[in-house]
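Read the figures in this text as sums done on the coordinates, not as results from a lab. Just so you know, these numbers come straight off a predicted model, no measurement behind them. Please note: Cβ atoms are built from the backbone with ideal geometry, for glycine as well, and neighbour counts cover all protein chains shown.
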Amino acid sequence: MDRCIVLVDAGYLLGAAASLLAGEPSRSRITVDHTALIQGLRERAESDTQQPLLRIYWFDGAPDRVPQPEHRRLRVMPRVTVRLGALTRSDGRWAQKGVDAAMHAELTELARNRACSDIVLVTGDGDLLPGMMAAKEHGVAVHLWAVQAADGDYNQSEDLVAEADERRVLDRTWITKAVRAKEHTGVCAPQPAPRPEIAAILSAPLPESALAAAAERPAPQPQHPAAGAGQNGAEERAPAAKGVPTPKDLAALRAPGPQSTQQPPAATLRWSSDKGWVDRPTAEPPEAASMPTLAQLTTAEQRWADREEDITTVGGDPYEVGQVFARRWVERLGDQSHLQKLSGMYPRIPHRVDGELLRYAARFGLLAHKDDQIDERDRYAIRAGFWKEIGVRTGVEHAPVGE
């Protein structure tokens, strides 16, 4: 058949692109426009082979072979078929299992059935050499594509390169049409300044009950026999350090007693944020506790439409994810007074809404390859996108992270 097929090892393609653009092969360091990438692969394949495209096979790994958001977006694209292997963790690293075997089986089967005249392989693994040789024996022309190596050298098996009929290097210019390195601009909260309130608490006299309990406790013994001896053999004793009050001790400080005439001020919790250290009460205010979640505002029909939009439209960038969540929440909010209350809580998002926001972000693969935790910089970006959308809706410009 006079047509071409493209087999893509996603681990190789995106890992090599990350090395080229971000300096390390971690796919979490890049953002991929899969629509543009698939279109670029199709156009380049048809141009190189002078044959119309039959199909693009996308081979990738996934935990327990469960499709991730990017896989769900890819498999609904025209002329794209997704094949998943397992993704396992070993020695602190993620490794694909079964992807090479699946590519080898597909390659030989397509050639044996004469489904195409040209096959484009985007891979660097020498394990595909037998499959490449079998395809050539069935009269199929094999084109091997490489991603430009970051160090200018080859990032493919030498035997694979030698056996290919045609070779092509996807350079930086081509890669950057669909892939870009992430630019993390989030700045962690500044180191806290010395708190006089905490110093006052630590220096406050303990209640009599706590002093009596401390007197009953035996004195700590030195861990080593020589610990209490000086250079001249004389025993040296360090001055007894005052114990740090426990929460029970602090509670006793606040409890009214017969000898107490004035109670020390209650301690105040401090919340770190991009605006510095902000005073917050220990309990969530009623207006925050009553804030509705997106799930409570969403109907079954809207939930279906949201999933469809997530698969086909939302790219999965952390900042974009925060914006999409906030847009849906605001559009479905009946009582707009909640919106004004929320805006006044900046930079703190109510617990229920914030937890739902992070769970929504996890659908887009932000947990993958990160020990099942969302990276701290991604959390900043998610919340920054959320507040940006809230600011647009309320007309209140919130200071970006780090200012």
Given charges at Cβ of Lys, Arg, Asp, Glu: the range 286-394 dipole, positive-most of I374, P318, M291
M291
In a shell of Cβ-Cβ distance under 14 Å around H71, excluding H71 itself, what net charge do Lys and Arg (+1) and Asp and Glu (-1) give?
+3
Within-10-Å neighbourhood charge of S117 [Cβ basis; K, R +1; D, E -1]
0
Arrange the peptides 291-300, 5-14, 20-29 so that the one whose residues have, on average, the most other Cβ atoms within 10 Å appears first.
5-14, 20-29, 291-300
Need the C-alpha centroid separation for the range 298-334 versus the range 154-175, integer Å.
40
Peptide ranges 79-89, 383-393, 332-342 listed from the most packed, as the mean C-beta count within 10 angstrom indicates
383-393, 79-89, 332-342
Just need the relative contact order of the range 4-181 here, percent rounded to a whole number, with Cα pairs under 8 Å and 6+ apart.
27
Taking R0 as 41 Å, what FRET efficiency do you get between Q302 and S47 from their Cβ-Cβ distance, rounded to the nearest 0.05?
0.45
For the peptides 110-118, 63-71, what is the packing order when you average, over each peptide's residues, the other Cβ atoms within 10 Å and list the highest mean first?
110-118, 63-71
Binned Cα-Cα distance frequencies in the range 286-394 - 5 Å width, integer %:
2, 12, 24, 26, 20, 12, 4, 1
Which of K97/K182; K177/K388; K177/K341 have a Cα-Cα distance over 30 Å?
K177/K341
Of the DSSP beta bridges with both residues in the range 4-181, give the percent that are antiparallel, rounding to the nearest 5.
20
Sort largest first and round to whole Å: the equivalent ellipsoid semi-axes of the range 4-181, each the square root of five times a Cα gyration tensor eigenvalue.
23, 18, 17
Roughly how many nanometres apart are two label points built 7 Å out from the Cα toward the Cβ at Q336 and H138?
6.3
